[in-house]
Ligand SMILES: *Cc1c(COP(=O)(O)O)cnc(C)c1O
């Protein structure tokens, strides 16, 4: 399989698309065509790993990793991705729980896959690859966890001092010697600027073999399609019905993986995107005008995106707004509605949801009752509520029990190195830690 940029550059191999992240022309990589599957292609495939082996095979043709696909799959899908039935006042649905990985959010899937692939392609104990990741919270923890202890690989996480929650900070700072956690006295933008400045220094980049693990890497999308394929096949086999999916959406990476699975022939019905108060996508569907803007801060902070970069991929795959709005639904959910959904979820389901997941449960309750009843809906749960306890606990009046993975991480010692948002200071910390 060959890969092209949405802006035309290419072709490159899967391996180069994984290495580069962003294409040279500033576009995003996509496979030259999506393979088509029939449901019979998955006969006998019951586990997530079985489904992954069939679905990923064409994407790995001609990759140096082709012979190691089974190991890559085994390393990526090490935790459960279960469907849980919910019974609520408005009917029944399934919750697709994507939060059983090491840092309790769906980003563990993409980060784990990228780590399994990049370690095999680039891991070199004599000259380690150094992954730089600026984070406002969730991504950095998932990347650090995925590369923790991997031979020939290093990670430098940069996060803004005082702008991440205590639990998030712990998830960014509790790893082994190959992970350097830098607490930057500045904002997220300063962290991003530092990464950019470092990548712009050829001498430094060559010495440390810098690379970046950004959210637009094709290595995030491919494994995310697997849980949609697996869940849709399960529902289809049990009910004879193609489930609809309601997906909490920020940068559109998770939802795009679902839409790709549908394009590949998996039994997926309607797809609805739930955003927070950031209305760039919903306004685009309403007005047909694409107007990216600065992001607003909301309770669903991992979805605070004003310029969802994966829209470029979605348009390339399906077409412009007029086509998109016929094929995909969208609802923007303001903070007050997130609060209402968090309270109702807890009282009706008997367990808490996270603020991102609550945009999906809110959207589901808002559906036309006939549509809600006729379709079988899968609501995507993107993170565990214990990660966002400062939002959730006051609303439900209880503490949220910690899942085992998160509890284990929180017992580890945490260590961060403070740094000023300046390149010289950054380089000095790097030298001290990695020599
Ligand atoms: C990243 C994230 C999202 C948004 O996913 P996108 O792929 O950016 O649309 C939603 N929920 C949680 C918990 C996240 O960490």
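The values are calculated or read from the model by the stated rules, or taken from the named source; none is laboratory data. Keep in mind that what you see is a predicted model, and the values were worked out from it rather than measured. As a convention, Cβ positions derive from the backbone with ideal geometry for all residues, glycine included, and neighbour counts pool all protein chains shown.
Residues that are over 29 Å from residue 246 (Cβ atoms): list the strands (runs of 3 or more DSSP E) wholly contained in region 68-171 that include at least 1 such residues. Let's see the steps before the verdict.
Details: elements: 83-88, 91-97, 129-134, 153-160.
Fully inside region 68-171 and qualifying: 129-134, 153-160.
To keep it simple, each residue is scored yes or no on (1) surrounded by 23 or more Cβ atoms within 10 Å (Cβ to Cβ); (2) within 15 Å of residue 17 (Cβ to Cβ); (3) in contact with a helix residue (DSSP H, G or I) (Cβ under 8 Å, 6 or more places away or on another chain).
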residue: 206; (1), (2), (3): no, no, no
residue: 216; (1), (2), (3): no, yes, yes
residue: 220; (1), (2), (3): yes, yes, yes
residue: 225; (1), (2), (3): yes, no, yes
residue: 230; (1), (2), (3): yes, no, yes
residue: 236; (1), (2), (3): no, no, yes
Within region 132-147, the residues that are over 23 Å from residue 355 (Cβ atoms), at pLDDT 95 or above and in contact with a strand residue (DSSP E or B) (Cβ under 6 Å, 6 or more places away or on another chain) are 147
Discussion item. Regarding region 94-108, can at least one residue be identified that is under 23 Å from residue 235 (Cβ atoms), without any contact (Cβ under 8 Å) to a residue 24 or more places away in the chain, away from the ligand (no atom under 16 Å from the Cβ) and touching a strand residue (DSSP E or B) at 6+ places or on another chain (Cβ under 7 Å)?
Written reply: no
Filtering region 112-159 down to residues that are under 18 Å from residue 406 (Cα atoms) and crowded, with 21+ Cβ neighbours inside 10 Å yields 112, 137, 138, 139, 140, 141, 142, 143, 144, 145, 146, 147
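Does residue 358 count as in contact (Cβ under 8 Å) with a residue 12 or more places away in the chain, in a loop (DSSP other than H, G, I, E, B) and more than 30 Å from residue 198 (Cβ to Cβ)? Let's see the steps before the verdict.
Working: in contact (Cβ under 8 Å) with a residue 12 or more places away in the chain: yes; in a loop (DSSP other than H, G, I, E, B): no; more than 30 Å from residue 198 (Cβ to Cβ): yes.
Taking the combined requirement at face value, the residue does not satisfy it.
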It is to be established whether one or more residues within region 90-111 are touching a helix residue (DSSP H, G or I) at 6+ places or on another chain (Cβ under 9 Å), surrounded by fewer than 18 Cβ atoms within 10 Å (Cβ to Cβ), within 30 Å of residue 372 (Cα to Cα) and modelled with pLDDT under 95.
yes
Note on region 137-169: residues more than 16 Å from the ligand (Cβ to nearest atom) and either in contact with a helix residue (DSSP H, G or I) (Cβ under 8 Å, 6 or more places away or on another chain) or within 15 Å of residue 195 (Cβ to Cβ) (or both) are 147, 150, 151, 152, 153, 154, 155, 156, 158, 160
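Pick from 379, 299, 314: which is part of a loop (DSSP other than H, G, I, E, B), touching a residue at least 60 places away in the same chain (Cβ under 8 Å), under 29 Å from residue 135 (Cα atoms) and under 25 Å from the mean Cα position of the chain (by Cα)?
299
For residues that are outside any loop (DSSP other than H, G, I, E, B) and in contact (Cβ under 8 Å) with a residue 60 or more places away in the chain, tally how many sit in region 393-411. Full working, then the answer.
Residues of region 393-411 that are outside any loop (DSSP other than H, G, I, E, B), as a first pass: 393-396, 404-411.
From what's left, in contact (Cβ under 8 Å) with a residue 60 or more places away in the chain: 405-406, 409-410.
Of the residues in region 393-411, 4 are outside any loop (DSSP other than H, G, I, E, B) and in contact (Cβ under 8 Å) with a residue 60 or more places away in the chain.
For every residue, the table says whether it meets (1) closer than 14 Å to residue 380 by Cβ; (2) modelled with pLDDT of 95 or more; (3) under 15 Å from the mean Cα position of the chain (by Cα); (4) not in a loop (DSSP other than H, G, I, E, B).
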position: 233; (1), (2), (3), (4): no, yes, no, yes
position: 236; (1), (2), (3), (4): no, yes, no, yes
position: 256; (1), (2), (3), (4): yes, yes, yes, yes
position: 306; (1), (2), (3), (4): no, no, no, no
Restricting region 1-19 to residues that are free of Cβ contacts under 8 Å to residues at least 24 places away in the same chain and crowded, with 18+ Cβ neighbours inside 10 Å, the one nearest to residue 222 (Cα to Cα) turns out to be 12
Listed by first then second residue, the pairs whose first member lies in region 225-249 and is more than 12 Å from residue 39 (Cβ to Cβ) and more than 16 Å from the ligand (Cβ to nearest atom), whose partner is part of a helix (DSSP H, G or I) and modelled with pLDDT of 95 or more, with beta carbons under 6 Å and at least 6 positions apart or on separate chains, are 230/48; 230/51; 243/232; 243/235
The residue that is farthest from the ligand (Cβ to nearest atom), considering only those in region 260-278 that are closer than 21 Å to residue 109 by Cβ and out of contact with any helix residue (DSSP H, G or I) (no Cβ under 7 Å at 6 or more places or on another chain), is 264
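Identify all residues within region 279-305 that are within 11 Å of the ligand (Cβ to nearest atom) and in contact with a helix residue (DSSP H, G or I) (Cβ under 8 Å, 6 or more places away or on another chain); write none if there are none.
Going residue by residue through region 279-305, those that are within 11 Å of the ligand (Cβ to nearest atom) are 281, 300-305.
Listed by number, the residues that qualify are 281, 300, 301, 302, 303, 305.
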- Task: Evaluate region 196-219: report whether one residue or more is in a helix (DSSP H, G or I), in contact (Cβ under 8 Å) with a residue 12 or more places away in the chain and within 16 Å of the ligand (Cβ to nearest atom).
- Result: yes
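Taking the stated definitions as given, is residue 351 assigned to a helix (DSSP H, G or I) and away from the ligand (no atom under 16 Å from the Cβ)? Before the answer, list the steps.
On the way: assigned to a helix (DSSP H, G or I): no; away from the ligand (no atom under 16 Å from the Cβ): yes.
Against the criterion (assigned to a helix (DSSP H, G or I) and away from the ligand (no atom under 16 Å from the Cβ)), residue 351 does not qualify.
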